[in-house]
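Notes follow once the structure below has been shown.
The values are calculated or read from the model by the stated rules, or taken from the named source; none is laboratory data. The shown structure was predicted, so the numbers you read here are calculated from the model rather than taken from an experiment. Backbone-built Cβ (ideal geometry, glycine too); neighbour counts: all protein chains shown. The area values use the complete protein model at the heavy-atom level, side chains included, leaving out ligands, DNA and RNA. Shrake-Rupley method; radii C 1.70, N 1.55, O 1.52, S 1.80 Å.
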Amino acid sequence: MRTPSKGWTAGRITAVVVGAFLALIALTLIGAGGTAIAMASQDDGYIDLGTSKYKHRTDTYAMTTESWRADKELGGLYDDLRITFKPDRASDAVFIGLAGKGQMRQYLDGVQHVTIHDSSDKGDTESKHPGGTPKTPPAKADGWIAKASGQGAQTLNWSVKSGDVAAVAMKADGSRGPAGHVTVAAKIGWLPWIGVASLVAGLFVLAGSVLLIVRPLRRARGRTA
């Protein structure tokens, strides 16, 4: 019966190096899985998309986003979208609305407003559109896919569907000068499953990496595995 030789052979060194590399992969998978599960369990599964840190202000009647194609940019990733408009003054009555591209253009036709293209700590990059006051206060207008209106922070929820959409933030009475923070959050329905799968895969890879490291160590010291 042949006894395994002591010492570090090329094969044993290779096994340890591969095991260490796999251990790093395993820890990454476990960390990512744990993070995904934690994110899915907080705030009813909604994830802040990082928009809340930017403050928006305009001397016009409305602030709108650029339109986006929901089925390509959201529908494949997110199940639900949540948009909150928190005015600078809690006493202000505000409106937040989501509409199809055509409906939004129709409502804002002839209304002085801005379209925000990008935001940073230095302010918004925007386009200003000339016009006058809205003919109808936003809450009384038709065509909104989702909307919320009232005093203080307002939140709308939307189950994502295919189509070109845009969002608008205004004062509830349609007057000039809305200002505040807009927070966009999304719910990814399959995030918990991704987290569990990543966690389980990481544990399996970790178990394999331990074997690759421990067995060569034992044999190098002259112990049988």
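In the stretch 183-211, how many are over 14 Å from Leu29 (Cα atoms) and open to solvent by 60 Å² or more (accessible area, probe 1.4 Å)?
Residues in the stretch 183-211 being over 14 Å from Leu29 (Cα atoms) and open to solvent by 60 Å² or more (accessible area, probe 1.4 Å): 3 in total.
Look through the stretch 114-125, keep the residues that are open to solvent by less than 80 Å² (accessible area, probe 1.4 Å) and in contact (Cβ under 8 Å) with a residue 24 or more places away in the chain, and return whichever of them is farthest from Ala167 (Cα to Cα).
If we take residues in the stretch 114-125 being open to solvent by less than 80 Å² (accessible area, probe 1.4 Å) and in contact (Cβ under 8 Å) with a residue 24 or more places away in the chain, then Ser120 is farthest from Ala167 (Cα to Cα).
Restricting attention to the stretch 90-112, report how many residues are surrounded by 22 or more Cβ atoms within 10 Å (Cβ to Cβ), assigned to a strand (DSSP E or B) and not β-branched (Val, Ile, Thr).
Qualifying residue count, the stretch 90-112: 4.
Anything in the stretch 52-69 that is surrounded by fewer than 17 Cβ atoms within 10 Å (Cβ to Cβ) and assigned to a strand (DSSP E or B)? List them, or say none.
Scanning the stretch 52-69 gives Lys55, Arg57, Trp68, Arg69.
Has the stretch 89-96 got at least one residue that is at negative phi and within 22 Å of the chain's Cα centre (by Cα)? Write out each step before concluding.
Going through the stretch 89-96, the residues at negative phi turn out to be 89-96.
Pick out the ones that are also within 22 Å of the chain's Cα centre (by Cα) and you get 96.
Checked against the condition, which is being at negative phi and within 22 Å of the chain's Cα centre (by Cα), the stretch 89-96 yields at least one hit.
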